[in-house]
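Working notes for the structure below.
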Amino acid sequence: MYKFTTLLAGAMLIAGAAQAQTIVVGGKNFTEQQIMTAMTQQLLEDRGFSVDARGGMGSAVVRQAMENGQVDVYWEYTGTSLIVYNNIEESLGPDETYETVKELDAEKGIVWLDPSDANNTYALAMRAADAEERGIETISDLAAKLNEGVRLPLASNAEFYARADGLGPLQETYGFEFPRADIRRMDTGLVYPALRDGRVDVGVVFATDGRIPAFDLVTLEDDEGYFPAYALAPVVRAEILEAHHEIGEALNDLSARLDDETMARLNARVDVERVSIEDVAAEFLAEEGMV
């Protein structure tokens, strides 16, 4: 009996030691990332881990923190790693983008877990009713209208307007051009109400932004595949994943439940309905039976 008790106590001690390590969960400084940081924290705490959540970081900062071992887990976008962190300018499809960053980042001790179906890439959006009335479903449809001389003013943030893989190359790819007088440069957050209120007819948006469904907007199909894939996926330091395989299992399970529609709905709960990030995260995990 003494031997059994000793063995049981030893096993409990080992398990406790494994869970005692604090997992540092990082995150970027916009709504979608803050939701994912909160969900990851709550999910891991439910699994018995001590979690230090450090959200609200800049993209380069959180990546550097992971490379330096200061952040153990966060959610990243495949296109960001490909273009920003690994300096790959070649246009790749979604699967090839994922496989490329997975291989390159593995050399830095970073493991990409399963990608979700949420792709927070740039997109062009219109009011749903207006797009339907004009018969515009794709960017090629938009190009045809503009080339016919139809005026459809565009709202774009300054970055997309100027960047090397932004508006200029997009217009070259599709063979059209917005007249300079019809381009309104503004902060990203102002693009959505400008579209909703009819001050512009086309806007540069992020595909999973909650204001797209909330404002009855629709994104145009990128039928030429211009925009890079920005699939949302969990990334973990290899050292942490090796010690705690259950973290990978939990995050892969969560990733499998995410797509564009789901993330837009969750983002809208925060940005439009003003529900707290923590409550939105808790509600989703409970609805999915994950906690």
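Could you please let me know if Val218 is within 30 Å of Ile277 (Cα to Cα) and crowded, with 22+ Cβ neighbours inside 10 Å?
When the stated conditions are applied, Val218 does not pass them.
When you scan the range 195-205, do you find a residue that is modelled with pLDDT of 95 or more, closer than 25 Å to Ala118 by Cα and in a helix (DSSP H, G or I), even just one?
Looking through the range 195-205, at least one residue is modelled with pLDDT of 95 or more, closer than 25 Å to Ala118 by Cα and in a helix (DSSP H, G or I).
Within the range 216-236, can one find any residue that is assigned to a helix (DSSP H, G or I), within 19 Å of the chain's Cα centre (by Cα) and under 29 Å from Leu92 (Cα atoms)?
No, the range 216-236 contains no residue that is assigned to a helix (DSSP H, G or I), within 19 Å of the chain's Cα centre (by Cα) and under 29 Å from Leu92 (Cα atoms).
Would you confirm whether or not the range 159-174 contains a residue that is in contact with a helix residue (DSSP H, G or I) (Cβ under 7 Å, 6 or more places away or on another chain) and within 26 Å of Arg265 (Cβ to Cβ)?
For the range 159-174, residues in contact with a helix residue (DSSP H, G or I) (Cβ under 7 Å, 6 or more places away or on another chain) and within 26 Å of Arg265 (Cβ to Cβ): present.
Tell me which of these Glu90 doesn't satisfy, since it passes every other one: (1) free of Cβ contacts under 8 Å to residues at least 40 places away in the same chain; (2) closer than 24 Å to Leu232 by Cα; (3) surrounded by 14 or more Cβ atoms within 10 Å (Cβ to Cβ); (4) not hydroxyl-bearing (Ser, Thr, Tyr).
It is condition (3) that Glu90 fails.
Can Leu146 be described as surrounded by 20 or more Cβ atoms within 10 Å (Cβ to Cβ) and either modelled with pLDDT of 95 or more or more than 30 Å from Asn252 (Cβ to Cβ) (or both)?
Here the answer is yes, as Leu146 does meet what is asked.
Exactly one of (1) at pLDDT below 95; (2) exposed (fewer than 15 other Cβ atoms within 10 Å of the Cβ); (3) not aromatic (Phe, Trp, Tyr) is unmet by Gln64. Its number?
The failed condition is (1).
Can you list the strands (runs of 3 or more DSSP E) found entirely within the range 59-130 that contain at least 2 residues being in contact with a Pro (Cβ under 8 Å, 6 or more places away or on another chain) and closer than 19 Å to Glu32 by Cβ?
Because the criterion is at least 2 residues that are in contact with a Pro (Cβ under 8 Å, 6 or more places away or on another chain) and closer than 19 Å to Glu32 by Cβ, the strands (runs of 3 or more DSSP E) in the range 59-130 that meet it are 73-77.
A quick yes/no check of all residues on (1) touching a residue at least 60 places away in the same chain (Cβ under 8 Å); (2) more than 18 Å from the chain's Cα centre (by Cα); (3) more than 15 Å from Asp222 (Cα to Cα):
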residue	(1), (2), (3)
Gly109	yes, yes, yes
Thr121	yes, no, no
Leu152	no, yes, yes
Gly166	no, yes, no
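Return only the number of the condition from (1) at pLDDT 95 or above; (2) over 17 Å from Asp260 (Cβ atoms) that Glu90 does not satisfy.
So the condition that Glu90 fails would be (1).
The values are calculated or read from the model by the stated rules, or taken from the named source; none is laboratory data. Computed from a predicted model, the values in this text were never measured in an experiment. Glycine gets a Cβ as well: all are built from the backbone with ideal geometry, and neighbour counts include every protein chain shown.
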